[in-house]
Amino acid sequence: MIGYNNLSMKSFPGMLSLVLALAITSLAGEIRKGASMEVKANSIWFQEVKDLTRWQQLKKSANSKALADYQEKLLSNRDAWQFTKPLTVKVVSHDVAKHQVKVEMETPGRMQGTSWFLDDNTLVQ
């Protein structure tokens with residue numbers, strides 16, 4: 001049996017490195033205000049939080065027809081957008097309980113600086 005007194009000081013730096021590596025890894029996936037993050041390709045971007053909320057409710061209900069209809073309506077009316085490439089955003093706020101993120105587009109182009117609401121699962125972590 002190895003007791004506390006049997007631990008050598010040689011193992012302390014190794015244990016410290018392991019704890020530090022685990023801490024850094026756990027923070028890497030965290031969505032933080034001000035962080036630059038990438039949004040997955042083909043994600044739905046919402047202009048209004050109420051539209052994101054309704055979309056999330058439909059997605060959770062597993063009613064694929066209602067979800068597809070709602071999504072098509074939003075995209076047709078340009079109340080939501082779908083970008084085909086991964087894009088970079090800055091996190092403005094994150095509602096962890098609702099899985100909603102407000103972001104600002106950082107990718108250069110005509111949409112740079114615009115604000116959007118996203119499901120937090122669309123962010124690459």
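Summary table
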quantity	calculated
Integer Hz, Karplus 6.51/-1.76/1.60 couplings in order for region 98-105, x for Gly and Pro	9, 6, 10, 10, 9, 10, 10, 5
Relative exposure of Ile31, Ile44, judged by other C-beta atoms within 10 Å (fewest first)	Ile31, Ile44
Rg [Å, one decimal], Dmax [Å, integer] - region 33-122, C-alpha atoms	12.6, 36
Long-range HN-HN contacts of Val92 with modeled amide H, under 5 Å	Gly34, Lys102, Val103, Glu104
Computed over region 35-94: relative contact order in percent, which uses C-alpha pairs under 8 Å that are six or more apart	61
Cβ-derived FRET efficiency at R0 35 Å, Ser76 paired with Val96, nearest 0.05	0.65
Local electrostatic count at Leu123 - Lys and Arg +1, Asp and Glu -1, tallied over other residues with Cβ under 10 Å	-2
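Every read-out reported here was derived from the displayed coordinates using simple, explicitly stated rules and does not represent laboratory data. This structure is a prediction, so every number in the text was calculated from the model and none was measured. Here the Cβ is made from the backbone with ideal geometry for all residues, glycine too, and neighbour counts use every protein chain on show.
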